[in-house]
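Asks: Structure incoming, see below.
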Amino acid sequence: MDQDLFATADEGAELTALRASLARRAEAAGLLDVAYRTVDSPVGPLLLAATGRGVVRVAFAREDHDAVLAQLAARLSPRVLHAPDRLEAAARQVGEYFEGRRRDFAVPLDLSLASGFRRDVLGVLRGLGYGTTASYARVAGLAGNPRAVRAVGTACARNPLPLLVPCHRVVRSDGGTGEYLGGAAAKRLLLAVEAGSTAAGERGMVGP
């Protein structure tokens, strides 16, 4: 029984090493178009994906990570590979954010999954400071179309880079938090973290 467990562990380690070697070789050969990895967080496991230009996707578990990877393969490139090294800085900074040690993300972003007004909205969202909030109407005005409140809601709901592009800081004019791609509980947790100094890990976990 114990020998079987050790054999399984050895096989797992060998497979991990093989995947890492494959990723490095693909990166060196210019064959790695989209790299991905997952990280644990107080809002559940997050999928991080990056092209050579920067992080292109952050996905919550409730979005179905396998489905997200399939969408990336269809929209960007079929050459999608588990390659954690490319996302090391992003993963580290996400961890620092939830530990209360980071307020701004300093990793390059690839906004190719957004276009038109949605991309304009993402530009506004990137300017919303840590611990601040803005109404959907306010964001619409800043994006150049004050009447496009619903379109702002759609842009937030389809934000390919939640957390890094902080759509959780957009709230309803009546004070309600509004909808969120990661779920209402996740949005409340993120806002609570930014409203105080306690790290998210000390406030409890939010399921997918």
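No value in this document is a laboratory result; all are computed from the given coordinates. Remember, predicted model here, so these are calculated numbers, not experimental data. Cβ placement follows ideal geometry from the backbone for every residue including glycine, while neighbour counts extend to all protein chains displayed.
Asks: Given the Cα-Cα distance of Asp85 and Ala157 and 0.36 nm per residue of separation, how much length would full extension add, in nm?
Replies: 23.0 nm
Asks: Here's a follow-up. With all pairs of different alpha carbon atoms counted, what Kirkwood hydrodynamic radius in Å does segment 128-177 show?
Replies: On the way: mean 1/r = 0.0917 Å⁻¹.
That comes to 10.9 Å for segment 128-177.
Asks: Here's something else I'd like to know. I want to check the label-to-label distance for Asp33 and Arg172. Put each point 7 Å from Cα in the C-beta direction and report it in nm to one decimal.
Replies: With each label placed 7 Å out from Cα toward Cβ, I get 4.1 nm.
Asks: Tally Lys/Arg at +1 and Asp/Glu at -1 over every other residue whose Cβ is under 14 Å from the Cβ of Ala67; what's the total?
Replies: Cβ neighbours under 14 Å give a net charge of 0.
Asks: For all pairs of alpha-carbon atoms in segment 74-166, what percent lies in each bin of width 5 Å, listed from the first bin to the last filled one?
Replies: Result, from short to long distances: 2, 12, 21, 20, 18, 14, 9, 4, 0 percent.
Asks: For segment 48-92, just say rounded, prolate or oblate: build the C-alpha gyration tensor, square-root its eigenvalues into a ≥ b ≥ c, call rounded for a/c under 1.5, and beyond that prolate if a/b exceeds b/c, oblate if not.
Replies: On the way: a/c = 1.95, a/b = 1.21, b/c = 1.61.
The shape class here is oblate.
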